[in-house]
Structures are given as C-alpha cells and as structure tokens.
Amino acid sequence: MVLVIRSLEVSALVYQQISKRMFNMNQSNKQNKASALFTSGWIVLSFIMLITFSGCEKFLELPVKDKVPQDQLFNDEQGFMDALNGVYFGMDNPNNGVKNLYTNDLSMGMLSIMTNNYYNAATSALGSGMYAATAKYDYAGAALRPEIDGIWSGMYNNIANVNNILVHIDTKRDVFSSDKYQRVKGEALALRALFHFDLARLFGKSPVTGLNEKAIPYVTKFSGVSTPRVSLNAALDSCISDLSKAESILAQTDTTSVSDVSLDLFNGFTQNHMNYWAAKALLARVYLYKGDFPKAMEYAKSVIASAKFPLVTSNVALAANPTRDRLFSQEHLFSIYSTNVTTINNGLFLGPAPFAVAKATKDAIFTGNTGSALDYRYLSWFEPTGNANIFAPSKFYQDKGLPYKLQNIVPLLKVSEMYYIVAECANNAGDLATGLSFLNKVRTSRGLSPLTSATITDATMLSGEITKEYKKEFFQEGQTFFYYKRLNKDLAVETGITTVPSNAYVFPIPDKENEYNN
C-alpha cells in the first residue's frame, strides 16, 4: 500500500460530556459537520456531537475548530476517543469517492446494485453514469473507476488513522480511566481488521479460486513507506490475528450488557461501536470466508449463546406499529450511525427517477417455493409507488416519530447472519438436523414456517435454502454480493443479469498502487 501523507483526511466525532444547563431544553438533534486534516503533524479538529433530551445521548455537535498538535491530541483520554470516533465518522464519509462509504457504496448503493436489487439501475436517469456502469460491472470505465479508487483510498485512510491511534496508545496508557484504554485499543484493532477484510473481499479473488494469490496490502504501521500486497489467505490470517487481540482486550470491558444510554457518552450505544460481540461475529465471518468451518461455527454459536441480540418475535417493522423498526435493530451487533441516511435513502429511492424493485423480483425472492407472502420482510420493506408492478425499497426510510436509538443506522453485523453461519457449517459437516434447526430459528422469527427434513432432504437443498435467506435478509445491505463471491456462485444465475463479465467479483487495484507497489 502506497500511503502518500500530504493531507491525510481524518474526521473526528467527539464523545464529550457537556452540562445540559448550557442548552435550551427544547433543543434536540443538533448537527454540524466538520473534518480534520493531518498535515505536517498537526490536526485540524472540528468537533461533532449530537444531543437529545429524551434520556438518550449519542453525539453532541459543537461548531468548535482549533489546531491541535498530534502530541497534544494523544496526550489525554479524550484525544484518543476523539481520534477513534473520527474513524467511525470516516466509515460514513465519501473519503475521496463521490458516494458515502459504508452507508451507500458498501450497502444500499453499489453492492446492492451488483446483486440486481433494483430493476432499473442501468436504465434510470439516476443510474446514468456511475450506477449504470455498476449494473454492468464496468469497473474499468471512466464512470465507475474513480469511485472504486475512492473506496480503496478511503479505506486505507481509515486504516492509517487507526494505526496512528495504535502507535501512540500503549505509551499513553496511564492517561486512561476505567476501561477506556481497552475500549479504544480493542475497537481500533477490530476496525483495522474490518477494513482490511472488506478490502480483501472487494479487491481480492474469491477464496474458491484465489486464496493463495496476491490480494491487498495489510498495513499495520502509520508510515509513508509502501506495504507490499499479500495473498488473500495471509490477509485473512492477519484479520484473524487483529480480531483475536481485539477480542481478548475487549473481554476486559463490560460485556454483560448492551447499552443505549450512559452518563459516559463513550460507553453509550454499544451497537454503534465495534464492540466485543461484534469482534466475535466478525471472526465468525472471516473464518467462514477462509473455509475454517469449525472455528466459524464456534464463534457464531458464542455470539448467539450470549442472548444479547435476540431475534425478533413479531413483526416490529409492520406499518401499523406505533414504532416501526424496519431494521430489526435489536439484532444488530454493529451498525454505523450516520446523519446522512435520510439524504442517501431519499436520493436513491425517492428522488427523480428513483431506483425501484420489480414486483416479479420481490415475489421471486420472498415468496417463491419455501417463501411466503407472510414474511415480515416482504410485508414491511417495500412501499407501493402507484404502479402495481413497481415497489420502492423502504428498509432505510426514517419514519416520523422514530425513537432516537433507531434513527440513522446502517447495520454491518447482525445476529441473523450468525444463525446462517452455523447452519452452513453444520451442513458442511453433514449435520442436516442442526443446519435446519438454526436456519429455522431465523425463518420463524420472520413469520415463515419451519423447514423439515421431509422436504429438505440433503446438503444441496439446505445450501439452496441458506442462499434464499441471504437474498432476503440482506436485501439493500450489500452482504449478498460477498456471499455469492465467497462461494464463487454464478452471478448471472443468482442475479438474473444476462451478461456478467468474468472479472465481476474483483475490483481493479488503483493504477497508482500498481505503479508503485507491484
């Protein structure tokens, strides 16, 4: 990885306690945005926070700007928390691309288009240019290539910012109170693994075909020195190493509860942090990608057994509910908090010539064969458009009156995936009964009837049912593309796109990277 430190962008979300007496009690959801630049060892910080007065606090935004030397930023506990929250903010920001990173490109935008979630992505006026190229997997063309390069540089900017935290934190351990040292270091290590893993899943080959071929640089130092690319297998091993360290460190924090509100804002809203359970879930995902089924099952089962992220037991997303939880948020292990969700969603699905879902596609995914029109997801994730054959995808709509903790979130790790992982691993081991059992737990939590061994009689059939669940559960979330790639499935068959190029699973490495780091 070639890291050119001219103006390495860092954005800082600052968790900070400020007396409510400083504010009018009628204020709520104040939002200001700003950024920070690393230039010549200095950081330009803009503090971003948000407060509500209904008993919930996530961020408090203050329009404060100042120049702070790095040695001062990392001279106290708050500085480390500011820097870490800047990394979380960077997961949302475009980071040298045009679209937002995890909240658009790697979720409801680019990756969802690549699994053909929206029937008109290639033809809509909104789809002209970048999105039309995405629908055709035209990675090398001028319309899409800059965005792909932006994903690469944005991810590595985030990694550089994480590494900058890690290079300072051990020498400053004495500035931390309670378990803040463990939280900051553990989350930073887990985030470094997450970014590298997603880079490997985007820019490396499928593990079926390219486990031992060069994929990406795994960067662990804050430095301008280039890091050579390593094999996909080596990158996955490094992810596992970072996550194992993170798991051990985060185990020393409070893992007994999932917090929404805390007097200490940094400890609040557990699910918006790369927490202990999220690190374990990501380990399950990485081990599965590597093909280590026993370890993947072990970690997925441990997350489920914690019972801290229970599957829903009724349709909390139903339109008639006073509070409509379209995302089944109690199941989230880690979700990104972003004040841009409404803007992104409305731009894609409510603006001029919006992306939409064909009724035939919706029915085929959710009601065909072992599916049902009673599926909570079928009932609650799509809105009528006035055309009986066209629906608007509505998973990320921000309904009026939505409780603060449910607002502005995009899930990256969910407990439902842990059930799918156990089902797949059990199936791989020839244990059809266990596989069916864990798959059925998600099905019944979504209003579907359980499958039986009388109808699902072998491993191939169960594998097919797991695939169907990925298509349903991760609609608009992007993870379905990674599922197809892990198994090297035929994209033309799975998506219905008639012409799929042979390189569709592999994003091109940026030209500058290839030029300086072969």
Rg ratio (alpha-carbon, reference 2.2 N^0.38 Å) - the stretch 341-442:
1.33
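Share of Cα-Cα pairs in the stretch 83-178 beyond 16 Å, in percent? Walk me through the numbers on the way to the answer.
On the way: 2762 of 4560 pairs.
Summing the P(r) of the stretch 83-178 above 16 Å gives 61 percent of all pairs.
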With only alpha-carbon pairs counted, each pair once and no self-pairs, how large is the Kirkwood hydrodynamic radius of the chain in angstroms?
23.4 Å
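So which DSSP H runs in the chain come out at 24 Å plus along the axis (Cα) with average Kyte-Doolittle of at least 0.0? The partial results should precede the final answer.
Numbers: long enough: 145-169 (36 Å, 0.03); 180-203 (34 Å, 0.09); 232-250 (26 Å, 0.58).
Counting only whole DSSP H runs, the qualifying helices are 145-169, 180-203, 232-250.
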Return the long-range amide H neighbours of SER231 (sequence gap of 5 or more, or a different chain), with a cut-off of under 5 Å between placed amide H atoms.
ALA215
What FRET efficiency do you get for GLN252 and LYS400 if R0 is 51 Å and r is their Cβ-Cβ distance, rounded to the nearest 0.05?
0.80
Suppose each label sits 7 Å from its Cα in the direction of the beta carbon; what would the THR323-THR460 distance come out to in nanometres?
4.7 nm
For the pair ALA125 and ALA492, what calculated FRET efficiency results from E = 1/(1 + (r/R0)^6), where r is the Cβ-Cβ distance and R0 = 25 Å, to the nearest 0.05?
0.45
For the residue pair SER314 and SER262, what label-to-label distance in nm results when each label sits 7 Å from Cα along the Cα-to-beta-carbon direction?
3.1 nm
Label-to-label distance, nm, for residues given as ASP237 and SER372 (7 Å Cα→Cβ offset)
4.7 nm
All-pairs Cα distance distribution in the stretch 411-456, expressed in whole percent, bin size 5 Å
5, 25, 28, 25, 13, 4, 1
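Considering all projection directions equally, how large on average is the shadow of the alpha-carbon convex hull of the stretch 180-332, in square nanometres?
Numbers: hull surface 46.0 nm².
Computing the convex hull of the Cα atoms and averaging its projections yields 11.5 nm².
The numbers here are math on the coordinates, done by the rules we state, and not lab data. Predicted, not measured: the structure shown is a model, and the values here were computed from it. No Cβ is skipped: glycine too gets one built from the backbone with ideal geometry, and neighbour counts run over all protein chains shown.
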